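Participant: My structure is below; once you've seen it, I'll send some questions.
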Amino acid sequence: MNNRMEVALETLRESIARWTNKGDQQPSAIPALSLFREDEPTEPMSAVYEPSICMVVQGAKRVLLGNEVYVYNDHQYLITSVDLPAFFQVIEASKESPLLGLKLTFEIQEVSQLLIDSNFPHHRAQKSAHGMATSEITLPLLTAFQRLIDLLDEEKDIPILSPIIQKEIIYLLLVGEQGARLRQIAAAGSQSQQVARAIEWLKNNFAQQLRIDDLASQARMSTSSFHNHFRSMTALSPLQYQKHLRLHEARRLMLAESLDAATAAFQVGYESPSQFSREYGRLFGAPPLRDITGLRRLAADAGSLKHP
């Protein structure tokens, strides 16, 4: 790593360390930006990743999406282009050298508008790309994020300058290694965009009965083609994706709103509590009551719930 990169990384580490507390994900005065710190490795935790870029400037994290594994540290960032239920784990962190990182969420509509404004050439994709990937961190990305975090000291400037810097970051992603991935999702009429819309529908309607033929028809694809593109982007079949969303939401309801397992199961669309319990145990490694009890114990020990 060249000297300018190391200096930029060290400056960003110092900035994130200043704005974070032990074990917390810190929402910032910039709505799309979160900063996080972890002082020790963690057990795998579940989360639904939004379209975002996640960067670790010290330490390392691992994300499991279906059978895919993504590891990133101060050399790589993680980009997510559609909503994806996944598991994450801090694998390198200590009190002396805590994990320090950030997450910036974005709307695909922002990417689409930037494509139009910047007159990017359209490249027709033959196959939908995975909705998650890692890439090398670049110096322009580091300096852009540094300027974004620096705005936290000048909150009066955030409404004007933050959107400009966020747009710059999206532009850097579009012209970088993962630009083709974002362009596929954002390009009007592309198969990837059609699948992304189906994913958005599932995210908002996961408790409803799923009819794959109807989703495929909305995406203007045959059922088999839709299924293949969907799995390529999410590492899950549409049914598995719906199931993961339901189970992640049920877990959140039990943990954050203290619902019992049966109530949470019905609320997310399950008709059979026993089926819910079986599928929950297969995904999270323990039946609902034991899992939630363990999570609450971990949260009490850490002082807060962990960050995605």
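Participant: Report the FRET efficiency, 1/(1 + (r/R0)^6), for Val7 and Ile160, where r is their Cβ-Cβ distance and R0 is 30 Å, rounded to 0.05. Don't skip to the end; give the middle numbers.
Facilitator: Details: r = 28 Å, r/R0 = 0.93.
In this case the efficiency is close to 0.60.
Participant: Another one. Calculate the translational D of region 166-257 in whole µm² s⁻¹ from Stokes-Einstein, where the hydrodynamic radius comes from the Kirkwood formula applied to all Cα pairs, the temperature is 25 °C and the viscosity 0.890 mPa s.
Facilitator: Details: Rh = 14.5 Å.
Once the numbers are plugged in, D ends up at 169 µm²/s.
Participant: Using the Cα centre of region 3-185 as the reference point, and only Cβ charges (+1 on K/R, -1 on D/E), how large is the resulting charge dipole? Debye, rounded to the nearest 20.
Facilitator: It comes to approximately 500 debye.
Participant: Can you order the peptides 80-87, 249-256, 215-222 by their average number of other Cβ atoms within 10 Å per residue, highest first?
Facilitator: Values: 80-87: 24.1, 249-256: 18.2, 215-222: 16.8.
Per-residue Cβ counts within 10 Å, averaged per peptide and sorted highest first, yield 80-87, 249-256, 215-222.
Participant: State the answer as a single residue: which of Ala216, Leu33, Leu245 lies farthest towards the positive end of the charge dipole of the chain, with beta carbon charges of +1 for Lys and Arg and -1 for Asp and Glu, about the Cα centre.
Facilitator: In the chain, that residue is Ala216.
Participant: Once Lys and Arg get +1 and Asp and Glu get -1 on their Cβ, which of Phe276, Thr293, Ser258 lies farthest toward the positive end of the dipole of region 247-302?
Facilitator: Farthest towards the positive pole: Thr293.
Participant: When a/c is below 1.5 the answer is rounded, else prolate if a/b is larger than b/c, else oblate, so apply that to region 205-308 with a ≥ b ≥ c taken from the square roots of the Cα gyration tensor eigenvalues.
Facilitator: Details: a/c = 2.74, a/b = 1.96, b/c = 1.40.
In terms of gyration-tensor shape, prolate.
Participant: Going by how many other beta carbons lie within 10 Å of each one, how would you line up His248, His229, fewest first?
Facilitator: Values: His248 20, His229 23.
Listed from fewest to most nearby Cβ atoms, that is His248, His229.
Participant: Taking a threshold of 32 Å on the Cα-Cα distance, which of the pairs Lys61/Lys243; Lys167/Lys243; Lys156/Lys243; Lys156/Lys203 fall above it?
Facilitator: On the way: Lys61/Lys243 25 Å; Lys167/Lys243 34 Å; Lys156/Lys243 43 Å; Lys156/Lys203 35 Å.
Pairs exceeding the cut-off: Lys167/Lys243; Lys156/Lys243; Lys156/Lys203.
Participant: Calculate the dipole size of region 247-302 relative to its Cα centre from +1 charges on Lys and Arg beta carbons and -1 charges on Asp and Glu beta carbons; express the result in debye to the nearest 20.
Facilitator: On the way: 7 positive and 7 negative charges, 39 e Å.
Using Cβ point charges on Lys, Arg, Asp and Glu, region 247-302 gives about 180 debye.
Participant: How large is the Kirkwood hydrodynamic radius of region 113-266, in angstrom, based on all distinct alpha carbon pairs?
Facilitator: Result for region 113-266 stands at 18.2 Å.
Participant: Would you mind telling me which residue in Arg181, Arg278, Arg197 has the biggest mean-square fluctuation in a Gaussian network model of the chain, where springs connect alpha carbons within a distance under 10 angstrom?
Facilitator: Of the options given, Arg278 has the highest mean-square fluctuation.
Participant: While we're looking at this one, here's another question. Once region 3-185 is represented by equal point scatterers at the alpha-carbon sites, with solvent omitted, what log10 I(q)/I(0) does the Debye formula produce at q = 0.12, 0.14 Å⁻¹?
Facilitator: Computed log10 I(q)/I(0) values: -0.55, -0.76.
Participant: Something else now. Using the count of nearby Cβ atoms within 10 Å as a rough guide to exposure, how do Tyr77, Tyr270 rank from fewest to most?
Facilitator: Fewest-to-most Cβ neighbours within 10 Å comes out as Tyr270, Tyr77.
Participant: For n ≥ 4 DSSP H runs only, could you compute -39500 (n - 2.57) per run for the chain, divide by its residues and tell me the 222 nm figure to the nearest 500?
Facilitator: On the way: 12 runs with 152 residues, N = 308.
Result for the chain: -15500 deg cm²/dmol, rounded to the nearest 500.
Participant: Let me ask something else. Where does each of Leu202, Leu104 land when they are ranked from fewest to most other beta-carbon atoms within 10 angstrom?
Facilitator: On the way: Leu202 19, Leu104 22.
Final ranking by Cβ density, sparse to dense: Leu202, Leu104.
Participant: With a length cut of 18 Å (Cα positions projected on each helix's long axis) and a Kyte-Doolittle mean of at least 1.0, go through the chain and give me the DSSP H helices that pass. Could you put the intermediate results ahead of the total?
Facilitator: Values: long enough: 3-19 (24 Å, -0.48); 158-174 (23 Å, 1.53); 191-205 (21 Å, -1.00); 238-256 (27 Å, -0.67); 288-302 (21 Å, -0.13).
Correct list, ordered by number: 158-174.
Participant: Still on this structure, please answer the following. Please report the Cα spread of the chain along all three principal axes, rounded to whole Å, starting with the longest.
Facilitator: 57, 51, 35
Participant: Taking the Cα centre of the chain as origin, sum charge times position over the Cβ atoms of Lys and Arg (+1) and Asp and Glu (-1), and report the length of that vector in debye to the nearest 20. Please list the in-between numbers first.
Facilitator: Working: 31 positive and 35 negative charges, 190 e Å.
About 920 debye.
Participant: In whole Å, what are the Cα extents of region 247-302 along the three principal axes, biggest one first?
Facilitator: Largest first, region 247-302 extends 35, 21, 14 Å along its Cα principal axes.
Participant: Of Pro85, Tyr72, Met55, which is farthest along the charge dipole of region 3-185 in the positive direction, counting Lys and Arg as +1 and Asp and Glu as -1 at C-beta?
Facilitator: Most positive-ward Cα: Pro85.
Participant: On to the next question. Please work out the ratio of the alpha-carbon Rg of region 188-239 to 2.2 N^0.38 Å and round it to two decimals. If you can, show how the numbers build up before the last one.
Facilitator: On the way: Rg = 9.9 Å, N = 52, 2.2 N^0.38 = 9.9 Å.
Its radius of gyration relative to the 2.2 N^0.38 Å reference: 1.00.
No value in this document is a laboratory result; all are computed from the given coordinates. Bear in mind the structure is a predicted one, so any value in this text is a computation, not a measurement. For neighbour counting, all protein chains shown are included, and Cβ atoms are generated from backbone atoms with ideal geometry for every residue, glycine included.
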